[in-house]
Amino acid sequence: MPAAFFTLCGGIHMLNKSFEPAQIETRLYELWESRKAFSAQPNSGKKPFTIMIPPPNVTGTLHMGHALTMTLQDTLIRWKRMQGFDTLWQPGTDHAGIATQMVVERTLATEGKTRQEMGRDAFIERVWEWKEQSGGGITKQLRRLGRRSIGRVNASRWMKAFPARCGKYL
């Protein structure tokens, strides 16, 4: 029996007083991902049902509003899956937009620099560095929500709303 649920007391298994999800969440989530439990099966012949996770603003952290939205989306995905649909909950991340530019410009100002002094290419590189730093934290938070209450996000399909290859057109 998993240690997260029971302790051995005098040869008798006893239910722990509190549940410690961290003891089993990571192991279970990795198992589910390895078995593609969250993956859509487009060739299944089932009617598809998809929800796009709107990208959170990359400049901050997730808040209770995000958790509520994710919980509602999770409920819909699970309901549709139980009805026999081939479900996909497609996660996305922000694209380092105007809000990110402002954060990076403020950071540069504390260093006594401006984006104009840096030049376009160096500034864009700095924006992408910030996006990776901040966006990586948001991605981890979303995955933690998945481990806690969401449970159906296919993390292998993360998408950027604005892929890096499109930056050359700006």
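The values are calculated or read from the model by the stated rules, or taken from the named source; none is laboratory data. These numbers come from a predicted model, not from an experiment. No Cβ is skipped: glycine too gets one built from the backbone with ideal geometry, and neighbour counts run over all protein chains shown.
Just a few scattered comments:
- Flag if Ile138 is among the hydrophobic types (A, V, I, L, M, F, W, C) and modelled with pLDDT under 75: yes
- Inspection of the range 50-62 finds a residue satisfying the criterion of being surrounded by 13 or more Cβ atoms within 10 Å (Cβ to Cβ) and at pLDDT 85 or above.
- Scanning the range 87-103 for residues that are closer than 18 Å to Ile51 by Cβ and under 16 Å from the mean Cα position of the chain (by Cα), we see that the one that is modelled with the lowest pLDDT is Asp94.
- Residue within the range 73-86 that is modelled with pLDDT under 85 and either surrounded by fewer than 14 Cβ atoms within 10 Å (Cβ to Cβ) or not charged (D, E, K, R) (or both) present: no
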